[in-house]
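The values are calculated or read from the model by the stated rules, or taken from the named source; none is laboratory data. Because the structure is predicted, anything quoted here is derived from the model rather than measured. Note that each Cβ is placed from the backbone with ideal geometry, even for glycine, and that neighbours are counted across all protein chains shown.
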Amino acid sequence: MEQYIKTIAAELKITDWQVQNTIELLNEGATVPFIARYRKEATDSLDEVYITKIRDRLQQLQDLDKRRKAILKSIAEQGLLTPELEKQIGEVDNLTDLEDLYLPYKPKRKTRASIAKAKGLEPLAKIIMSQRNGEVESMAERFVNTGKGVENIEDALKGARDIIAEWINENKYARRKIRNLFLKKATIESAIAEGKEEEGNKYQNYFEWKELFMRSPSHRVLAMFRGEKEGLLKLKIGPP
């Protein structure tokens, strides 16, 4: 709890004792409005916004540590926990990055990549991923094995691509780059569904609409989502 208090105080730029007293009041069952109005002496007059941030951030930190322990246990049970990985997991300060770190070690159901690995195509995927050999077809020919279900070169290349796709999907740096790309450059586009012009008349403002998603106000986004749910609009969200 002491570390939680220090973290929250640093993030909100307030004192440790303000955070501590607020948490104690919340744990005693006091509501946010009650603390803001009647316990000013205990918090040095923190308003509802600060008290809510303290409450929510405390819950986030507690959930993060609970998930961190579960992830460390899971990776350790697989015999894959290294000191470096343990340090990385211990330093993560948000759930999204924590899950990104765990993703390559998370037990999976059967995937196209796991099927391709079972067919012995992981070495081919590594060769292609290295981008050091341009003759991928000739390399793939060595992995044709009808006994394992790799009937031809295209089968070998397809399996290798499946493995590479999973590697990229599980790469924390790639995931972070894609999130940032969506956040900064994604657009939301809407169009009227075919044959729904008359029925969808109330959404006529969105028959042909496109704008930067991060600048689209919530009421407009919700309206487009409603239109899509009703089968009247077609939406597309993504970066260039």
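Summary table
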| read-out | value |
| --- | --- |
| Residue match in region 116-134 (condition: assigned by TED's automatic domain parsing to the domain that holds Asp162 and of a type in the set (Val, Ile, Thr)) | yes |
| Selected residue (criterion: modelled with the highest pLDDT) from residues of region 60-103 that are outside any helix (DSSP H, G or I) and either surrounded by 16 or more Cβ atoms within 10 Å (Cβ to Cβ) or within 17 Å of the chain's Cα centre (by Cα) (or both) | Leu81 |
| Test: Gly195 is touching a residue at least 24 places away in the same chain (Cβ under 8 Å) and exposed (fewer than 14 other Cβ atoms within 10 Å of the Cβ) | no |
| Count of region 104-157 residues which are under 15 Å from Ile168 (Cβ atoms), surrounded by fewer than 13 Cβ atoms within 10 Å (Cβ to Cβ) and of a type in the set (Ser, Thr, Tyr) | 1 |
| Residue check, Leu25 part of a loop (DSSP other than H, G, I, E, B), assigned by TED's automatic domain parsing to the domain that holds Asn94, surrounded by 13 or more Cβ atoms within 10 Å (Cβ to Cβ) and in contact with a Ser or Thr (Cβ under 9 Å, 6 or more places away or on another chain) | no |
| Region 26-44: number of residues that are out of contact with any helix residue (DSSP H, G or I) (no Cβ under 7 Å at 6 or more places or on another chain) and hydrophobic (A, V, I, L, M, F, W, C) | 2 |
| Number of the condition not met by Lys106 [criteria: (1) charged (D, E, K, R); (2) out of contact with any Ser or Thr (no Cβ under 9 Å at 6 or more places or on another chain); (3) closer than 30 Å to Leu64 by Cα] | (2) |
| Among the candidates Asp155, Asp162, residue that is of a type outside the set (S, T, N, Q), in a helix (DSSP H, G or I) and out of contact with any helix residue (DSSP H, G or I) (no Cβ under 6 Å at 6 or more places or on another chain) | Asp155 |
